[in-house]
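Only one structure is covered here, and it is reproduced in the block below.
The values are calculated or read from the model by the stated rules, or taken from the named source; none is laboratory data. Worth saying up front: this structure is predicted, and the values here are computed from it rather than measured. All Cβ positions, glycine included, derive from the backbone under ideal geometry; neighbour counts span all protein chains shown.
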Amino acid sequence: MDANPTPREISLPPDSSSARSRSVSVDDTGVRRLLADGSEESVTWSDLAAVVVRVIPEGPWKEDVFLMLAAADGTGTAVPSGDPAADALIERLQMLPGFDHDTFVEAMTTDADKAYVVWKAN
């Protein structure tokens, strides 16, 4: 597998983006999402290979924007943009070298059914 996965290569746990979060934490180590069923998704900053904003035209009553973080091995997590920890996550992501701010703004202001790659590791 390519060390820098494209959106099609990101394999998150089944129904990751639609699964209910119990909590999301963002710290100096990385991002961890505990799901209501007790399972956990996580990615460390050192393993982060790609950040994708996934827009699903489900809104305004359902979550429709997810911040998908992928590790080089294809694992990762999908954090709903409406989660209380999303602001801290977005702030941290925007500090990544090479983060595509223009694409991020486009993704956050559209209702297109699309995945926007906003950052990839070199």
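Observations on the model:
Okay, residues lined up against (1) surrounded by fewer than 18 Cβ atoms within 10 Å (Cβ to Cβ); (2) closer than 13 Å to LEU48 by Cα:
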{"site": "GLY76", "(1), (2)": "no, yes"}
{"site": "VAL79", "(1), (2)": "no, no"}
{"site": "GLY82", "(1), (2)": "yes, no"}
{"site": "ALA88", "(1), (2)": "yes, no"}
{"site": "PRO97", "(1), (2)": "yes, yes"}
{"site": "PHE104", "(1), (2)": "no, no"}
{"site": "THR110", "(1), (2)": "yes, no"}
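- For the range 84-96, the set of residues classified as outside any helix (DSSP H, G or I), among the aliphatic types (A, V, I, L, M) and in contact (Cβ under 8 Å) with a residue 60 or more places away in the chain consists of ALA85 only.
- Residue list for the range 67-81, filter: within 12 Å of the chain's Cα centre (by Cα) and not polar (S, T, N, Q): LEU67, MET68, LEU69, ALA70, ALA71, GLY76, ALA78, VAL79, PRO80
- Entry remark, the range 27-45: residues being closer than 10 Å to GLY76 by Cα and polar (S, T, N, Q) number 2 in total.
- A Cβ distance below 8 Å, combined with a sequence gap of six or more or placement on separate chains, defines the contacts here; from the range 97-115, residues that are over 16 Å from PHE66 (Cα atoms) reach residues that are exposed (fewer than 15 other Cβ atoms within 10 Å of the Cβ) and modelled with pLDDT under 95 in the pairs GLY98/ASN122.
- The set of residues from the range 32-53 being more than 19 Å from PHE104 (Cα to Cα) and part of a strand (DSSP E or B) comprises ARG32, ARG33, LEU34, LEU35, GLU40, GLU41, SER42, VAL43, THR44.
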